[in-house]
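The structure appears below as structure tokens.
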Amino acid sequence: MRAGLRAAFAACALAFAFVANADARELPRPETFTLRNGLQVVVITDRRAPVVTHMLWYRVGAADEPRGSSGVAHFFEHLMFKGTRRIAPGEFSRTVARNGGDDNAFTAQDYTAYYERIARDRLELVMSMEADRMRNLRFSDETFASERDVIAEERRQRIDNNPGAVLGERMRAMLWPHHPYGTPVIGWLHEINALDRETALQFYQTWYAPNNAILVVAGDVDAAELRPLVERHYGRLRPTRDLPAREWVSDPPSVGPMRVTHRDEKVRQPSLSRMYRAVSYGTDEGRQAHALDVTIEILGGSETSRLYRALVEEQRIAVSAGAGANASGLGGGSVSVYATPVEGVSLERLEAAVDDVIAQYLREGPTQAELDRAKSSLSAAAIYSRDSQESMANIYGASLAQGESIDDVVNWPNDIEAVTREEALTMARATLVLDASVTGWLMPEGEQ
């Protein structure tokens, strides 16, 4: 959504692109309450099966790390499974599995989330364990050092051994040279290796607190049933006094296009990518981010988009082409454009063709048919997401963790439907500025 919604709906958008005139309808409005210690609770009732999704979202992510300690937010995603006085290392996930459930966790720039899906009559079990590790995490020096090595190896495999990931990391660092969004969530390897236990503990003790968390429970439960359980297990946890302000440095204005070429022997097929800085739902005014989502959907969001039709179907110089808007982020968003050439077509020719499609789009703007189709695709995906309790928990959790309100989430489909052609064109022209972009070429080793 504003962050969470758009990301959660992205997977649905293509599946429901055929819905030409889906009626805009509000998303379900959950029940909410807040404990005296500051924990915000969101309850999304779904009685179709005796199952619940329990998600705990912390308003802290990679962007909140102390400078020089990149990766510590992701590090704690791992350390949270290392046990408390009550729960032995690794026993959290084993207990969930023994009771027929599954669990996971993930870290982003603006939040960290922990997830369990389990039968309704096991809800209190996972709630008690999750509440326990919010404030009572324990780990030895040996565990800390061992897990740090695990994360360093994870980085080597996921990033350093993946040419596309390396290029993307370099491009984001150029796009956000001063803002923490330019630092990878997993962290820089040399800073991961230098993480110390004292810094990590300070991070945990500051940010992992009830007044910095949102509990989202979706499924076979309502607020009246849930509140006594939440009070019993989370209500006694102490808050963090004087939580740090989430204020980040800003990047200077861009003064010209930036480029980076990454060559690697593992690359078999060249590709082109470009990133632009953009507004987000955390930084926009009015419907700017909604308009950004709509206009980029038209440009490159599907096989009916401008880029795909021009480069793949008409000119036949690309095997894939598209664009996506990441309108998330408390500190701003981005737009990505990508294309992969057919054999024998150079990246120079492909990039020129991409530029021509974008230039024509900025001159003419979207047609009414394109606008209607994009809005129908996005709003239909939002409507159909209501069928998944996990999707709804994700949507509300991510959106609230990034500063949005319940009303923002509920009204998102209608706000998308309200985007005008002029708003979409204005956002395209404000965002797709070559002088504020980073273009990346991924090429095989030795290819010129």
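The values are calculated or read from the model by the stated rules, or taken from the named source; none is laboratory data. Note that this is a predicted model, so its numbers are computed, not measured. Note: ideal-geometry Cβ built from the backbone for every residue, glycine included; neighbour counts use all protein chains shown. The protein model used for the area step is the full one, side chains on, heavy atoms only, and it has no ligands, DNA or RNA in it. Shrake-Rupley method; radii C 1.70, N 1.55, O 1.52, S 1.80 Å.
Okay, here's what the table says:
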item: Approximate spin-label separation R29-A97, in nm, with each point projected 7 Å along Cα-to-Cβ; result: 4.3 nm
item: Heavy-atom accessible area per residue - the chain, 1.4 Å, Å²; result: 42 Å²
item: Over the chain: helical MRE at 222 nm, DSSP H runs n ≥ 4 each giving -39500 (n - 2.57), nearest 500; result: -12000 deg cm²/dmol
item: Dipole moment magnitude, nearest 20 debye, the stretch 161-237 about Cα centre, only Lys, Arg, Asp, Glu C-beta charged; result: 140 debye
item: Ranked order, H78, H190 - accessible area, probe 1.4 Å, largest first; result: H190, H78
item: T53 accessible area, 1.4 Å probe, all protein chains in place, Å² to nearest 10; result: 0 Å²
item: Semi-axis lengths, Å, the stretch 157-240, gyration tensor of Cα atoms, sqrt of 5 times eigenvalues; result: 37, 19, 12
item: Gyration tensor verdict on the stretch 334-392 (Cα atoms; rounded if a/c is under 1.5, prolate if a/b is larger than b/c, oblate otherwise); result: oblate
item: Column: log10 I(q)/I(0), Debye, Cα scatterers of the stretch 32-183, q = 0.12, 0.13, 0.15, 0.19 Å⁻¹; result: -0.64, -0.74, -0.94, -1.26
item: Per-residue SASA entry for R172, accessible area with 1.4 Å probe, Å² rounded to 10; result: 100 Å²
item: Interchain or long-range residues, amide H under 5 Å from V279's placed H; result: G333
item: Residue-by-residue Karplus 3J(HN,Hα) for the stretch 99-106, coefficients 6.51, -1.76, 1.60, Hz, glycine and proline x; result: 9, x, x, 9, 9, 6, 7, 7
item: Gyration tensor over alpha-carbon atoms, the stretch 287-333, equivalent ellipsoid semi-axes in Å; result: 25, 10, 6
item: More than 15 Å apart - percent of Cα-Cα pairs taken over the stretch 348-448; result: 74 percent
item: Stokes-Einstein translational diffusion, the stretch 125-206 - Kirkwood Rh over all Cα pairs, 0.890 mPa s, 25 °C, in µm²/s; result: 165 µm²/s
item: Carbon/sulfur fraction of accessible area - the chain, other protein chains in place, 1.4 Å, %; result: 47 percent
item: In Hz, Karplus ³J(HN,Hα) per residue of the stretch 41-52 (6.51, -1.76, 1.60; θ = phi - 60°; x = Gly, Pro); result: 10, 10, 10, 10, 7, 9, 8, 5, 8, x, 9, 9
item: Per-residue HN-Hα couplings for the stretch 258-273 [Karplus 6.51, -1.76, 1.60; θ = phi - 60°; Hz; x = Gly/Pro]; result: 10, 9, 8, 10, 10, 10, 8, 5, 7, 6, 9, 9, x, 8, 10, 9
item: Ranking by accessible area, most exposed first, for R306, R316 with a 1.4 Å probe; result: R316, R306
item: Rounded accessible area of K266 (nearest 10 Å², 1.4 Å probe); result: 90 Å²
item: The chain: translational diffusion in µm²/s, Stokes-Einstein, Kirkwood Rh over Cα pairs, 37 °C, 0.692 mPa s; result: 142 µm²/s
item: FRET efficiency, E314 to L434 (Cβ-Cβ, R0 30 Å, nearest 0.05); result: 0.85
item: For the stretch 233-374, alpha-carbon Rg and Dmax in angstrom; result: 19.6, 66
